[in-house]
C-alpha cells in the first residue's frame, strides 16, 4: 500500500525557517517524480515544487523560488522541503504527493498534509 | 488569480448531472497539455479523479467523465450523490511558467 506521511509543520515567525519531510513507503520511491502542493486557509490548491526521480531536476512556483529548496533521499525514501525566509502568506497545509509515472498525469497519491503557520 | 479559471460553485439535486468547466490559455490546455481533475474534501488528502483529460484511475465510478476542447476542459458528474459534495480542482501544465498549475477550485453542493 502506498503511503506518504508528512512531518515537520509548526508555528514559525516571519523570516524564519522550517523543514518538512515526507516518508514514502509501498512503492519504488526512486522511480517517481515527487511534488509538494499547499493549501492556504480558505484558498485553493497551489502546486509548490517538484523533483525528478534522481533529484537532478527541480522546479518551483515563482513565489517560493530562492526561498524554498526541494530535495530527496532515495536511500531513505524521503522527500524534503526546506523553507527559508518564510512569509505570512506561506501559511498553509503542505501536502506531499507522488507524480504519476505518466508524465504530466497528475498526482496519484497524497499525504494527509502538515500545517505550517507563519505568524508573529 | 489562478491561471486556470473555474466557476466558484455549482450545485445540483441528487440524480442530476452537473458539469464543471476549466478555462485556460494557449500556454497550457490550448497547448495540448493534458488536464487532470481532483476531488478534495476539507481536512483530507485530495484524490485524483481524472487524468489525461478523460482517464479514470481505478476505483473512480464511471459517473465521472472528462473532456477537453481548445483551451477549455470539463468534468461531468452524472447521477449526483450526496457523497459527491466536495471541492473540485482542474490541473494542467503551463509551458510559460514551466510547471503544473491548478484552477481556483469549484465547490459542488448537492441540494
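The numbers here are math on the coordinates, done by the rules we state, and not lab data. All of these numbers come straight from a predicted model, not from anything done at the bench. Neighbour counts run over all protein chains shown; Cβ positions are idealised from the backbone, glycine included.
Within 10 Å of each Cβ in peptide A:23-31, how many partner chain Cβ atoms are there on average? Round it to a whole number, please.
That average works out to 0.
Using the count of nearby Cβ atoms within 10 Å as a rough guide to exposure, how do A:107, B:40 rank from fewest to most?
Neighbour counts put them in this order, fewest first: B:40, A:107.
Residues of the stretch A:1-26 with the amide nitrogen closer than 20 Å to a label point 7 Å from the Cα of residue A:78, along Cα-to-Cβ, please.
In the stretch A:1-26, the label zone of residue A:78 (backbone N under 20 Å from the point 7 Å along Cα→Cβ) covers A:3-11, A:17-26.
Quick one: check the C-alpha center-to-center distance for the stretch B:37-62 versus the stretch A:73-103, whole angstrom.
With the stretch B:37-62 and the stretch A:73-103 each reduced to a Cα centre, they are spaced 20 Å.
Give the Rg (one decimal place) followed by the Dmax (whole number) of the stretch A:46-120, computed from C-alpha coordinates and expressed in Å.
Every Cα atom of the stretch A:46-120 included, Rg and Dmax give 12.9, 42 Å.
Between Rg and the Kirkwood Rh of the stretch B:4-65, both from Cα atoms, what is the Rg to Rh ratio?
Here Rg/Rh amounts to 0.98.
When the scattering of chain B is computed by the Debye formula from its Cα atoms alone, each counted once and equally, what is log10 I(q)/I(0) at q = 0.22 Å⁻¹?
Debye intensities relative to I(0), on a log10 scale: -1.19.
Return a whole-number percent for the relative contact order of the stretch B:1-48, with Cα pairs under 8 Å and 6 or more residues apart as the contact set.
Across the stretch B:1-48, relative contact order equals 25 percent.
So for chain A: antiparallel DSSP bridges make up what percent, rounded to the nearest 5?
95 percent
Within a 10 angstrom radius of each residue's Cβ in A:60-68, how many Cβ atoms of other chains show up on average? Whole number is fine.
Whole-number average of other-chain Cβ neighbours for A:60-68 is 1.
How high is the FRET efficiency between residue B:97 and residue A:54 when r is their beta carbon distance and R₀ equals 22 Å, given to the nearest 0.05?
0.40
How many Cβ atoms of partner chains, on average, are near each residue of A:44-56 if near means within 10 Å of its Cβ?
Per-residue shielding by partner chains comes out at 3.
Suppose a student asked you for the relative contact order of chain A, using Cα pairs under 8 Å spaced at least 6 residues apart; what percent would you report?
Rounded, it is 35 percent for chain A.
How compact is the protein assembly as shown by the rule of thumb for globular proteins, expressed as Cα Rg over 2.2 N^0.38 Å?
Rg over 2.2 N^0.38 Å, computed on Cα atoms: 0.99.
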